[in-house]
Each structure stands twice: as C-alpha cells, then as structure tokens.
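Below you'll find the structure, written out as structure tokens, and then a few comments.
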Amino acid sequence: MNEASASAPDPDTTAESAREIRRLVGAQLINELTRRSDAWGLLFLFGHAALLGATGYLLWRSLGSYWALPATLLHGIVIVHLFAPFHEATHNTAFRSQWLNTLVGWLAGLALMLPPLVFRYQHGAHHRYTQDVERDPQMIPMGERLGGFLFYASAIPYFREILRALLSQPRGRFNESERRNVPVAKLGAVQRQARAFWAVYAALAIGSVWAGSWAVAIFWLLPRVLAEPLERIIRMSEHVGCARNANMLQNTRTVLTWAPIRWLSWNMALHTAHHAAPLVPFHALPRMHAALAGHIEELRRGYVDTVRFQLRNASRRTA
C-alpha cells in the first residue's frame, strides 16, 4: 500500500498488528533479538565519534579555503546523525547498561538541542499511534503536500519547534502535545532538564566569549544547521506517504540503502523492523528485517527513489 489512506488509524488494532508480527517472526526469535549489548553499542558509538573527529579535522584543515563549505556540510551530516544514538538511547536499547543509555542520551541530546526526557515520552506516543494525525506527535502530515514537503525539508519548521521548546520548557510552559504525552508528575523533571541544557549552552557561550573563540559556531552550530535539511528528508522517508492505519507493515517505510549510510543511522533505515519490535536493539535490526522479508509493504531502494516517490505523491495531492 503506497498511498496514504484518508482514514485515521484505529489504535486498538495496534496490539493485533503486534500479535501478527510476533506470529510471523516467532516469539522465540524476537525474545532472542531483544537482548541488549554494551559491546555493540560502544562499537557503533566509538565509530561514530571517530568519524566525527575525522570530519572535524577535515573542516579545521579546510578553513580559509573553498573546501570549507563541503567540509562543513560533511561534518554536519555526521553531527545530525547523532540522532541515531540519541533515539536508540531514549529507547534504552543502545546499551545494556542503563547509565550508558542515560549518558549518551544526554550528550547526543545536547548536541542536537533535544532534551531526552520529553522526547522519550513523545516518541513512545509516536510508536503507539503511528500515522494517527490526531495522536502521533511526531507525524509529519505537511510532507504529504508538495509545498509542505519542501518547507519541512528546509528544516525551518523543525528549528522553529526546537526554539519554542527551548524557550518555553524551562519556564514550565508546555504545548498541548507535551501535556498530552508527558505524565503530569514528570513535567517538573522536563522543566529541570531544559534548564540544565540552557546552563550548558550558557557555559559554552560564556567560555567562547572569554576565549574569543568561534569554535563552537564553526564546529557545531553552523554544520548542524547546514546539514539538518538532509536529516529532515530522512525523517520524512520513514512514514510520509505510508498508510494511515495501525498495521506496522504498512504505516512504516524501510529504505534499502548503502551499508555506510545504514551504519551511520544505526540501522534506522530498516524502520519497519524497528516499529515492528521497538525493543529490538539497532544491531539486531538486520535479522529482524530478514525475518519480515516478503511482508513489508512499503519498501524502497535508496533515498533518491524514496524522495522521488514522495514528491510524486505530494504533487498529485497538491494538484
């Protein structure tokens, strides 16, 4: 099913879809795949950190030359892909050790300006109500229209929402989605976490001014902003244009891409497998994907093909 259904999903059927997936894959295999591992998490994390250091070095060497722009973009691509370990850590599946999940969630969240606690609750709702335009807080319905797709791909709506959250949450002001998805008892913790983020950013700003250094802007802020549109396109690839129902084999898209890209995204391109069993760690998703082979209804070969398909759909809906 390629076209997005006009009807809203019935969340009550999510459990039925989960039972069907468990039947297809087998309870024994799913239980085996849900085993978390510090070793795999640290391997991917150190690899990601090493690549971040390498692109940062290339950017430093390119400063003052025409190579600075592509080097900034390349470094930014690695930065925005920190969303992969951030996402995995908020699922508590990046590592077996909880303190590692917490630490990586905080560090990656600081780099992305995404406090992990509020994200965890909203992402949980995203998994419960995938493609429900009323209840999925991370759904991107604007991406189903041509103008909306291009606007969201610009990352302007994304950064606008980040700025709103960073300005309002420290003051205890929450929007409707946050109040609906975050337990009342946790709103204070969300507020404290947002204030802690601002404390770190303030320290970086003060340190930069004191040292007379532009390093924070050159090696973090500018690359992060420049590369974010690519990350927005990747995020839209996961669900935009998929069916609006509770069947996880239909409402989520898998993109078969090159191994280096799949590695950089911690296997999140195998997104149907992730939604089919959210407790399966990133390193086991290839096996989960193989177990679902032949049953995934929205499968694309590469991001170019995916964007072409989405733009074609969006153009038809806009006409």
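Observations on the model:
- Most fluctuating residue given options PRO116, PRO70, PRO137, as computed from a GNM of the chain linking Cα atoms under 10 Å: PRO70
- Overall dimensions of segment 42-115 as given by Cα atoms, namely Rg and Dmax in Å: 13.9, 44
- Anisotropy class of segment 158-230 from Cα gyration tensor, a/c 1.5 cut: oblate
- Stokes-Einstein D (µm²/s) once Rh is taken as the Kirkwood radius of segment 15-70 over alpha-carbon pairs, at 25 °C in 0.890 mPa s: 162 µm²/s
- Fluctuation leader among GLY47, GLY207, GLY105 - the chain, Gaussian network, Cα springs under 10 angstrom: GLY207
- For LEU256, distant residues with modelled amide H under 5 Å away: ARG300, ARG301, GLY302
- Measuring r between the beta carbons of LEU311 and VAL225 and using R0 = 30 Å, the FRET efficiency lands at 0.80.
- Kirkwood Rh and Cα Rg combined as Rg/Rh, the chain: 0.96
- Accessible surface computed residue by residue for segment 24-137, with neighbouring protein chains in place and a 1.4 Å probe, gives 47 Å² per residue.
- Contour minus Cα-Cα distance for ILE261 and VAL133 (0.36 nm per residue): 43.1 nm
- Virtual paramagnetic centre 7 Å along Cα→Cβ of ILE162, amide N under 15 Å, in segment 79-100: 79-87
- Computing FRET efficiency as 1/(1 + (r/R0)^6) for THR318 and GLU297, where r is the C-beta to C-beta distance and R0 is 30 Å, gives about 0.80.
- Between ASN245, ASN92, ASN175, the Gaussian network model of the chain with springs among Cα atoms under 10 angstrom shows the greatest mean-square fluctuation at ASN175.
- For chymotrypsin sites (Phe, Trp or Tyr not before Pro), the sites in segment 175-235 that DSSP calls loop and that have at most 14 other Cβ atoms within 10 Å are TRP214.
- Positive minus negative residues near SER37 (Lys, Arg vs Asp, Glu; Cβ under 15 Å): +1
- Of all accessible heavy-atom area on the chain, the percent that carbon and sulfur account for (1.4 Å): 65 percent
- Net +/- balance of residues flanking ILE156 in space, Cβ distance below 12 Å, scoring K and R +1, D and E -1: 0
- The modelled label-to-label distance for the pair SER208/ALA189, using points 7 Å beyond Cα in the direction of Cβ, is 3.1 nm.
- Under the shape rule built on the C-alpha gyration tensor, where the axes satisfy a ≥ b ≥ c, segment 180-319 is prolate, since a/c reaches at least 1.5 and a/b is greater than b/c.
- Think of segment 277-316 as a dipole: +1 on every Lys or Arg Cβ, -1 on every Asp or Glu Cβ, centred on the Cα centre; then among HIS295, VAL280, ASN313, ASN313 lies furthest on the positive end.
- Radius of gyration and maximum dimension Dmax of segment 96-189, Cα, Å: 14.5, 44
- For the chain, calculated [θ]222 nm from helices alone, where every DSSP H run of n ≥ 4 adds -39500 (n - 2.57): -19000 deg cm²/dmol
- 1.4 Å probe accessible area per residue over segment 166-319, in Å²: 46 Å²
- Model label points for LEU29 and ARG180, set 7 angstrom from Cα along the Cα-to-Cβ axis, are 3.6 nm apart.
The values are calculated or read from the model by the stated rules, or taken from the named source; none is laboratory data. What you are looking at is a predicted structure, and each value in this text was computed from that prediction instead of being measured. Because the Cβ atoms are built from the backbone with ideal geometry, glycine has one as well, and the counts that use them run over all protein chains shown. We work out accessible area using only protein heavy atoms, side chains counted, and drop any ligands, DNA or RNA first. Shrake-Rupley method; radii C 1.70, N 1.55, O 1.52, S 1.80 Å.
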